[in-house]
1. Looking at S602, S584, S595, which is the one that is in contact with a Cys (Cβ under 9 Å, 6 or more places away or on another chain) and among the polar types (S, T, N, Q)?
2. Consider the range 115-126. How many of its residues are in contact (Cβ under 8 Å) with a residue 12 or more places away in the chain, assigned to a helix (DSSP H, G or I), within 16 Å of N161 (Cα to Cα) and open to solvent by 10 Å² or more (accessible area, probe 1.4 Å)?
3. Please go through the range 234-255 and give me each residue that is within 13 Å of Y268 (Cα to Cα) and among the hydrophobic types (A, V, I, L, M, F, W, C), ordered by number.
4. Checking T129 against (1) modelled with pLDDT under 85; (2) surrounded by 15 or more Cβ atoms within 10 Å (Cβ to Cβ); (3) among the polar types (S, T, N, Q), which single condition isn't satisfied?
5. Determine whether the range 465-480 contains at least one residue that is in contact (Cβ under 8 Å) with a residue 24 or more places away in the chain and farther than 29 Å from Q55 by Cα.
6. What number goes with the only condition from (1) in contact (Cβ under 8 Å) with a residue 60 or more places away in the chain; (2) in contact with a helix residue (DSSP H, G or I) (Cβ under 9 Å, 6 or more places away or on another chain); (3) open to solvent by less than 40 Å² (accessible area, probe 1.4 Å); (4) not acidic (D, E) that A486 does not pass?
7. Residue check: is E225 part of a helix (DSSP H, G or I) and open to solvent by less than 60 Å² (accessible area, probe 1.4 Å)?
8. Look through Q319, Q310, Q299 and report the one residue that is surrounded by 18 or more Cβ atoms within 10 Å (Cβ to Cβ) and either under 16 Å from Y268 (Cβ atoms) or not hydrophobic (A, V, I, L, M, F, W, C) (or both).
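The values are calculated or read from the model by the stated rules, or taken from the named source; none is laboratory data. Treat the numbers as computed from the prediction; the structure is a model and nothing was measured. Note that we place each Cβ from the backbone using ideal geometry, even for glycine, and neighbour counts take in every protein chain shown. Side chains included, ligands, DNA and RNA excluded: accessible areas come from the protein's heavy atoms. Shrake-Rupley method; radii C 1.70, N 1.55, O 1.52, S 1.80 Å.
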Amino acid sequence: MLSGRWHILFFCFVMLGYSTYLPASPLSKLEPEFNALYIESQQQPATALQQIEIQLGSAAGPLQQAQLLYIQAELQTLLVYPEQALKSAAQALALIDASEQPWLYHSLQLVRAYAFDLAGTPAEGMTITENVLQFAKELQHQQLFIQALVVRGVLQLSLVNYVEALQDLLHAYQLAPTTGAGVVTKGHIAGYIALVYEYRREHELSIPYFEEAVAFHQQQNSPVEVSIAMYGLGKAHSKLGDLAIGKSKLQQSLQLAEAAGDDQGVAYAQKELAGIALQQQDPEQAKTLLLLALASFEQANNRYMLLDTQLQLGRIALQAGDTTTAEVHLQQAKHFADPEHMPIQHAEVQRLQAEWLSQTGQSNDAYQLLKTASLRLTELQREESTQLLHQLRAQHELDSRMLENELLQKELELQHSLVSNQARHQRLLTALLIGAITGSLLLLLLLTRIWWQRKRLHQLAHFDNLTSLPNRHFTLKLLDQQLRLASRHNHPLSVAMLDLDHFKQVNDQFGHATGDQLLRDFATLCQQQLRSSDIIGRIGGEEFLAILPHTPADAAAAVLEKLRQGTEQLASKYDADRVTTTVSIGMCAFSGYDSADTLMLSADQALYEAKAKGRNQLQLSSAS
């Protein structure tokens, strides 16, 4: 896992944009309501997670639940909760089929790859990422290919394959555009390239890339991303000895993370500020900051940072001559240091253990261990001796087997003790189990009733009972939402008012039953004729409002003219020869500055002109 958490933010930003480049499929991007939720969630991810938990209970079907779980998994990865992200992604994958929903399937697989890296097992994420990369190559998805390159570079970095990591990231940087909405740009990738140089301890080379990332995310108004980039910049300055600049940047990072509810971001900044406090001869301040960070890392089970924090606390204890406390932190660090996946960190643990051995009078052992650790660090940094790497891995496997045997023996002893006490507690456990099952069933019944009631209330509040189309309130809300998106991203948008001609005469001559059936048939025709991205709602008796996102006036006119012609054919469905089934349409296009009221007024005026010119026609507003 990368200390700056750049790969997390990269994934959360670009996954939505990647959908634009997928071939046609049942779902090539998030549906509108989930799209809006995704965009809003980036500002306050912690708050958004709570809202998603509530919405999961009222999601209509498996695909809607899968989209919510997908956004939830992204946010959990962003906030460095890998176990929760893996669980959410697994739940979402169980709801969809890869052949039916390829975009969502591969998106969720990449979430898993990130989560595995966060959990300290990047090798598991590598196989997943290779599969997605192959998928992108075969279908020539440029953006997905760039994204997969960056992910593989991130995993290679965690696996200490610096050359391969830099190759993938520079390749992605070369392919990526400089600007673009919802796509991976050079500004996104700059932070990852900086991390490669940071890991190689070439901090001067990392600073320009961190500065590029800070400037880019400030321009995008993305506070969490700015916080992470600022963290990397502050850390680099600190490593070069510019403590004042480093401290200032890290404090800015901490403040941004606090404002965004990013607890892990706060903890990262606290840990680095603790390092500066140590350099400024203030161990008590450093210890306070590290303990605060440790609590957040434990909550997220962030193995990399738990290891690093325990190492720093151990060094502070040794400097104070407290070998007992130092040993406690050392043992905790050993627990998190995986020699295979964290070779550098494992060597650092060995160096701390050598210091402890020295202070406890075991100088010879300390010397031997320090020598081993120093050789290991030199080998990893220069990549000169693969033979030594194999030897250390073999030794690690042997030590792991011995430790596993010891743990197995202790587990057998514990099981024997548990079995001896099982009879005494059996009746109590049975009673508790029955009570728990009864309570769970009652709770399930209550939750089911609440879910159905909420679903019914949502239907009544947002949809018309007769036509099942969105009602006036919900339609206007969707119009406001589409206006904001069109204005923000400079997308075309067309709006139309539709009015069934002579509808009052149909009610008067043939009865309200016929009139109601005509409304239902017209609503069905609209849903069939309009595109899946379009919105149609009933806003009055025989009045309807159509919203056509990403559609200029000429394209919208073609869609609506086809609908008008289809309405003429509805008359053949009725026994009465004189039933009129025509519709007048007034349409206008979004200029970039209109409000919902002005758009509807322009469309209504165009509808009035269509009526005045003889009905059964489409009239474009002069304002368009």
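1. The match here is S602.
2. Number of matching residues: 2.
3. L250, L254
4. Exception for T129: condition (1).
5. no
6. With respect to (1) in contact (Cβ under 8 Å) with a residue 60 or more places away in the chain; (2) in contact with a helix residue (DSSP H, G or I) (Cβ under 9 Å, 6 or more places away or on another chain); (3) open to solvent by less than 40 Å² (accessible area, probe 1.4 Å); (4) not acidic (D, E), A486 is out only on (2).
7. Taking the combined requirement at face value, the residue satisfies it.
8. Checking each option against the conditions leaves just Q310.
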